[in-house]
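J.: Okay, here's the structure, questions in a sec.
The values are calculated or read from the model by the stated rules, or taken from the named source; none is laboratory data. Just so you know, these numbers come straight off a predicted model, no measurement behind them. Neighbour counts run over all protein chains shown; Cβ positions are idealised from the backbone, glycine included. With ligands, DNA and RNA removed, areas are computed over all heavy atoms of the protein, side chains included. Shrake-Rupley method; radii C 1.70, N 1.55, O 1.52, S 1.80 Å.
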Amino acid sequence: MDLLQAIQERHSVREYTERRIEEEKRQRLNELIRECNEESGLHVRIRYDNPDGFDSKLAHYGSFRNVTNYIILAGKPSDSLREKCGYYGEKIVLEAQRLGLNTCWVALSFNKTNVKKLIPEGEKLVSVIAIGYGQTQGKPHKSKTLERVMATKGEMPDWFKKGAEAALLAPTAINQQKFKMEIKNGNPVISIAGRGPYTKIDLGIVKYHFEVASGYKVK
């Protein structure tokens, strides 16, 4: 499975089986997380076979079941922290999909007290991602049309259209897709329309999808 196929087939999954993530897949995830941390300056980490992060009423309220593996997105506070967590978190998510695993971005429905115990002093917890073998493969979310997320009108290059279509498949908070895309001076630009606690995370996720499909770096 290549990354474009992973983008198309990956859907949020909240209920997991008891199947253990195999050692070779753990090694690949661990290596990718190490590479992401080195490149970004983040302190992403993954917990295996540990239900503490989702041992809470919030998790049950959010319909999460049997989550024993999860990725923790954190780092030193900065203006770019949330966007970086979205970008590199989605990079890990798509690799997990390629490995035959399922995932779900989680903003609130986890045990923050237990997860924060794993965060060193001076770092900020941004979000977590549930990971494992899902009870199902999830369902596609409804997407806006290209026209609704374009800031400029008219003809668009093929590479831009491919990137935009992949961006519309990106998971965003409450599936709001509050982003706009355009080309400025020949370069793709993606911005968030509106403000909110998760919009910068969404921006990072959307940028990664666009770059994977288009081959162009987003400004």
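J.: Determine which member of the set Gly53, Gly89 is open to solvent by less than 60 Å² (accessible area, probe 1.4 Å) and under 24 Å from Glu211 (Cα atoms).
T.: Gly89
J.: For the stretch 110-125, what are the residues that are of a type outside the set (Lys, Arg) and either within 12 Å of the chain's Cα centre (by Cα) or open to solvent by 20 Å² or more (accessible area, probe 1.4 Å) (or both)?
T.: If the condition is that a residue be of a type outside the set (Lys, Arg) and either within 12 Å of the chain's Cα centre (by Cα) or open to solvent by 20 Å² or more (accessible area, probe 1.4 Å) (or both), then Asn111, Thr113, Asn114, Leu118, Ile119, Pro120, Glu121, Gly122, Glu123, Leu125 are the ones that fit.
J.: Can you pull out every residue in the stretch 126-145 that is open to solvent by less than 10 Å² (accessible area, probe 1.4 Å) and of a type in the set (A, V, I, L, M, F, W, C)?
T.: The answer is Val128, Ile129, Ala130, Ile131.
J.: With the requirement that a residue be at pLDDT below 95, among the hydroxyl-bearing types (Ser, Thr, Tyr) and either open to solvent by less than 10 Å² (accessible area, probe 1.4 Å) or touching a helix residue (DSSP H, G or I) at 6+ places or on another chain (Cβ under 6 Å) (or both), what does the stretch 164-215 give you?
T.: Result: Thr172, Tyr198.
J.: Name every residue in the stretch 32-50 that is out of contact with any Gly (no Cβ under 8 Å at 6 or more places or on another chain) and either open to solvent by 70 Å² or more (accessible area, probe 1.4 Å) or at positive phi (or both), in order of residue number.
T.: Within the stretch 32-50, the first condition is being out of contact with any Gly (no Cβ under 8 Å at 6 or more places or on another chain), and the residues that meet it are 32-39, 45-46, 48-50.
Those that are out of contact with any Gly (no Cβ under 8 Å at 6 or more places or on another chain) and either open to solvent by 70 Å² or more (accessible area, probe 1.4 Å) or at positive phi (or both): Arg34, Glu35, Glu38, Glu39, Asp49.
Yes/no matrix, rows are residues, columns are (1) within 17 Å of Cys85 (Cα to Cα); (2) in contact with a Gly (Cβ under 6 Å, 6 or more places away or on another chain); (3) among the polar types (S, T, N, Q):
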{"site": "Leu146", "(1), (2), (3)": "no, no, no"}
{"site": "Met150", "(1), (2), (3)": "no, no, no"}
{"site": "Gly154", "(1), (2), (3)": "no, no, no"}
{"site": "Asp158", "(1), (2), (3)": "no, no, no"}
{"site": "Gly163", "(1), (2), (3)": "no, no, no"}
{"site": "Asn175", "(1), (2), (3)": "no, no, yes"}
{"site": "Asn185", "(1), (2), (3)": "no, no, yes"}
{"site": "Gly194", "(1), (2), (3)": "no, no, no"}
{"site": "Phe210", "(1), (2), (3)": "yes, yes, no"}
